[in-house]
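The values are calculated or read from the model by the stated rules, or taken from the named source; none is laboratory data. None of these values were measured; they are calculated from a predicted model. In this analysis, Cβ positions are derived from the backbone assuming ideal geometry, glycine residues included, and neighbour counts consider all displayed protein chains. Note: areas computed on protein heavy atoms with side chains; ligands, DNA, RNA excluded. Shrake-Rupley method; radii C 1.70, N 1.55, O 1.52, S 1.80 Å.
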Amino acid sequence: MKKPDIRNVLVLGAGKVGGTVADMLAEYHGLPVTLADRVGCDAPGGDALVRRIPLDVDDAGALGRALAAHSVVINALPFFLAERVAEQAARHGVHYFDLTEDVAATAAIRALGRTARSALMPQCGLAPGVIGMLGSHLAGQFDELYDLRLRVGALSRNATNALRYNFTWSIDGVINEYCQPCDAIVHGQRVSVRPLEGYETFTLDAQAYEAFNTSGGLGTLCDTLQGRVRNLDYKTIRYPGHRDAMAFLLQDLRLIERRDLLRQVLELAVPHSRDDVVVLLASASGLRGGRFEQETRVARIFGAPLRGVARTAIELSTAAGVLGALELLRAGRLPGAGFIAQEQVPLDAFLGTRAGHHYAGLGIAAAAPAVPAPPTRKDARHEPLVACA
C-alpha cells in the first residue's frame, strides 16, 4: 500500500484525552499538531509542536478551513459530533480518526467511506478500538472458533461510594454505552441484547470483578466475524455492586428515559478521579489442530507521565489506540482511502508501534481466569432483544 503524505494533524477536543493525543503525537512522532476546542482554547498558545487554537465545530465554514489546512484529523469530541466532523473530513480529503463508541455514528461514517478519497477510521480508542484488534487476532488463532469473550474496564483504583466507581472518562460516553442496545452473536446468530444484562463475576489476581453488557465495545467485529464464530460478546468490567446500583437508577427510577437528568445526578454525585487502572481480558476457545483449546490475554494499564504531565490509564490507553493506527497508516500498512475497521489492524503490528508499548501485556498468552460459562437461554436476563439482519 502507498504511504500517504501526512505533514500535520488537527486534534479536535482539548480535554484530557485530546490533550494526551496531541502530546503523544509530539512526543512519539514529532509531527506538528493543532489542538482545537471551543472551550479552553480562547487564545493561541502551546509549544513548538502543539499549537492551540479556538474552533467551534458548529461553524461549518471554520471547521472546513481548519480541516483543509491539515492532512489528518483526530476527533476527540463527544460522540454526537462524530458524523458532522467525518462528513467534512471526507469532503476535504482529510484522513479521519475518532474515539466514538456510538453505533449509529459509525454506521454513518462507514457509508461515507464508500466514496471517500481519504481513510475514515472511527472507533480507534480502547473499546471499541484495541479490543477489536485483540479479538480479531485471537479469532485467527483457531481453525474453528466457538466462543470469543471480550471484557474491558476503566476503573478507579480507590472508589468508596455505593457505585464502586468514579468517573475516569466522559460521562456522556458512559451514559450512552449503558443505555443503548448491544450487539452480540449467540449460537451463530447476530442479535441485539440489553445493556446491563448478561451479568457475570470473575477473579483476577485475587481481585473480584463483575461484568455486564454495554453498547458499542465490539465496533464492527460482529460484521467481520459473523459466520465464523458461534458466540461473541463484549462486556464492561466493574467492581461488584456497580451494576445493581446503575440498574436502580436507569430502570427502577426510569432515568434511562431522562438522560439529561441522569447526567445532572451523576455529575453532582459521582466524583471524577485520576487514580485509575484499565483492565482488559479476552478469551477465545475453539478447535486448533483437531483439539479443543482456549487462549486468554490479560493486560492492566496504569497512568504514567507524558511530556512532563501525569496522565491517567484511560488517557494513555485511548491515545495509544488512535496513535498506533495513525502510525500504521503513515507506514502504508493500512488502506489510504475508505472505511477502515479496527479489526483490520494486525495486533502484532500495532504492538510494534511507538504507542504499542502501553499494551505490551496483550502479546503474552495468560492463564485463563475464573470466568463463568455463558448463560443458558433459560435465563431471561440474557435473552436477545431482536435478531439483527
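(1) open to solvent by 20 Å² or more (accessible area, probe 1.4 Å); (2) of a type outside the set (Val, Ile, Thr); (3) in contact with an Asp or Glu (Cβ under 6 Å, 6 or more places away or on another chain): which one isn't true of PRO181, the others all being true?
(3)
Among (1) crowded, with 22+ Cβ neighbours inside 10 Å; (2) assigned to a strand (DSSP E or B), where does GLY216 come up short?
So GLY216 meets the others, but not (2).
Here is a yes/no grid of residues against (1) open to solvent by less than 50 Å² (accessible area, probe 1.4 Å); (2) touching a strand residue (DSSP E or B) at 6+ places or on another chain (Cβ under 7 Å):
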residue: ILE53; (1), (2): yes, yes
residue: LEU67; (1), (2): yes, yes
residue: VAL73; (1), (2): yes, yes
residue: ALA76; (1), (2): yes, yes
residue: HIS92; (1), (2): no, no
residue: ALA105; (1), (2): yes, no
residue: ILE109; (1), (2): yes, yes
residue: CYS124; (1), (2): yes, yes
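Quick check on region 65-77: of everything there that is in a helix (DSSP H, G or I) and over 26 Å from the mean Cα position of the chain (by Cα), which residue is farthest from PRO4 (Cα to Cα)?
Initially, region 65-77 is screened for residues in a helix (DSSP H, G or I), giving 65-68.
Adding the requirement that they be over 26 Å from the mean Cα position of the chain (by Cα) leaves 65, 68.
On the way: ARG65: 21, ALA68: 16 Å.
Once the filter is applied, the top-ranked residue is ARG65.
Return yes when TYR146 is surrounded by fewer than 24 Cβ atoms within 10 Å (Cβ to Cβ), part of a strand (DSSP E or B), touching a residue at least 12 places away in the same chain (Cβ under 8 Å) and hydroxyl-bearing (Ser, Thr, Tyr) and no when it is not.
Numbers: surrounded by fewer than 24 Cβ atoms within 10 Å (Cβ to Cβ): yes; part of a strand (DSSP E or B): yes; touching a residue at least 12 places away in the same chain (Cβ under 8 Å): yes; hydroxyl-bearing (Ser, Thr, Tyr): yes.
Yes: the conditions hold for TYR146.
Within region 201-233, count every residue that is among the hydroxyl-bearing types (Ser, Thr, Tyr), closer than 15 Å to LEU150 by Cβ and touching an Asp or Glu at 6+ places or on another chain (Cβ under 8 Å). Walk me through it before giving the result.
Taking region 201-233 and keeping what is among the hydroxyl-bearing types (Ser, Thr, Tyr), we get 201, 203, 209, 214-215, 220, 224.
Applying the additional criterion that residues be closer than 15 Å to LEU150 by Cβ yields 209, 214-215, 220, 224.
Restricting the remaining residues to those that are touching an Asp or Glu at 6+ places or on another chain (Cβ under 8 Å) gives 214-215, 220, 224.
Of the residues in region 201-233, 4 are among the hydroxyl-bearing types (Ser, Thr, Tyr), closer than 15 Å to LEU150 by Cβ and touching an Asp or Glu at 6+ places or on another chain (Cβ under 8 Å).
Cβ-Cβ distance below 6 Å, separation of 6 or more or different chains: which pairs start in region 314-334 with a residue that is assigned to a loop (DSSP other than H, G, I, E, B) and end on one that is buried (at least 24 other Cβ atoms within 10 Å of the Cβ)?
LEU334/ILE340
Is at least one residue of region 309-325 surrounded by 14 or more Cβ atoms within 10 Å (Cβ to Cβ) and modelled with pLDDT under 95? Give the steps one after another, and end with the answer.
Of region 309-325, the ones surrounded by 14 or more Cβ atoms within 10 Å (Cβ to Cβ) are 311-325.
Of the ones still in play, those that are also modelled with pLDDT under 95 are none.
Looking through region 309-325, none of the residues is surrounded by 14 or more Cβ atoms within 10 Å (Cβ to Cβ) and modelled with pLDDT under 95.
Which residue, of HIS70, HIS95, is modelled with pLDDT of 95 or more, out of contact with any helix residue (DSSP H, G or I) (no Cβ under 7 Å at 6 or more places or on another chain) and either of a type in the set (A, V, I, L, M) or closer than 13 Å to VAL9 by Cβ (or both)? Steps first, answer last, please.
On the way: HIS95 fails: out of contact with any helix residue (DSSP H, G or I) (no Cβ under 7 Å at 6 or more places or on another chain).
Sole residue among the options that is modelled with pLDDT of 95 or more, out of contact with any helix residue (DSSP H, G or I) (no Cβ under 7 Å at 6 or more places or on another chain) and either of a type in the set (A, V, I, L, M) or closer than 13 Å to VAL9 by Cβ (or both): HIS70.
Which residues, taken from region 256-266, are open to solvent by less than 80 Å² (accessible area, probe 1.4 Å) and either over 15 Å from ALA162 (Cα atoms) or touching a strand residue (DSSP E or B) at 6+ places or on another chain (Cβ under 6 Å) (or both)?
Hits for region 256-266 are ILE256, LEU261, LEU262.
When you go through ALA116, ALA127, ALA159, ALA154 one by one, which is the residue that is in contact (Cβ under 8 Å) with a residue 12 or more places away in the chain, of a type in the set (A, V, I, L, M, F, W, C), closer than 20 Å to TYR359 by Cα and in a loop (DSSP other than H, G, I, E, B)? So that I can check it myself, show each step before the final result.
Details: ALA116 fails: closer than 20 Å to TYR359 by Cα; ALA159 fails: closer than 20 Å to TYR359 by Cα; ALA154 fails: in a loop (DSSP other than H, G, I, E, B).
On inspection, the qualifying residue turns out to be ALA127.
Any residue at all in region 96-103 that's assigned to a helix (DSSP H, G or I) and aromatic (Phe, Trp, Tyr)? Walk me through it before giving the result.
Just the residues of region 96-103 that are assigned to a helix (DSSP H, G or I), to begin with: 103.
Next, from what is left, pick out any that are aromatic (Phe, Trp, Tyr): none.
Checked region 96-103: no residue is assigned to a helix (DSSP H, G or I) and aromatic (Phe, Trp, Tyr).
Output the residues belonging to region 158-178 that are open to solvent by less than 20 Å² (accessible area, probe 1.4 Å), over 17 Å from LEU99 (Cα atoms) and among the polar types (S, T, N, Q).
Answer for region 158-178, where residues must be open to solvent by less than 20 Å² (accessible area, probe 1.4 Å), over 17 Å from LEU99 (Cα atoms) and among the polar types (S, T, N, Q): just ASN166.
I'm trying to understand the selection: among the residues of region 186-213, which are farther than 22 Å from GLY286 by Cβ and either assigned to a loop (DSSP other than H, G, I, E, B) or in contact with a Ser or Thr (Cβ under 9 Å, 6 or more places away or on another chain) (or both)?
Answer for region 186-213, where residues must be farther than 22 Å from GLY286 by Cβ and either assigned to a loop (DSSP other than H, G, I, E, B) or in contact with a Ser or Thr (Cβ under 9 Å, 6 or more places away or on another chain) (or both): ARG194, PRO195, LEU196, GLU197, TYR199, ASP205, ALA206, ALA208, TYR209, GLU210, PHE212, ASN213.
Starting from region 1-30, take each residue that is closer than 19 Å to LEU81 by Cα and list its partners that are open to solvent by less than 10 Å² (accessible area, probe 1.4 Å) and of a type in the set (Gly, Ala, Ser), counting only C-beta distances under 6 angstrom and pairs at least six apart or across chains.
What qualifies is VAL11/GLY18; VAL11/ALA22; LEU12/ALA36; VAL21/ALA319.
May I ask you to list the residues in region 186-231 that are in contact with a helix residue (DSSP H, G or I) (Cβ under 6 Å, 6 or more places away or on another chain) and of a type in the set (Val, Ile, Thr)?
Answer for region 186-231, where residues must be in contact with a helix residue (DSSP H, G or I) (Cβ under 6 Å, 6 or more places away or on another chain) and of a type in the set (Val, Ile, Thr): THR214, THR224.
Looking at LEU49, LEU81, LEU31, can you tell me which residue is under 21 Å from GLN123 (Cβ atoms), modelled with pLDDT under 95 and surrounded by fewer than 24 Cβ atoms within 10 Å (Cβ to Cβ)?
Values: LEU49 fails: under 21 Å from GLN123 (Cβ atoms); LEU31 fails: under 21 Å from GLN123 (Cβ atoms).
Answer to the selection: LEU81.
Can you name the residue in region 219-246 that is over 23 Å from ASN158 (Cβ atoms) and of a type in the set (A, V, I, L, M) and, of all such residues, is surrounded by the fewest Cβ atoms within 10 Å (Cβ to Cβ)?
LEU225
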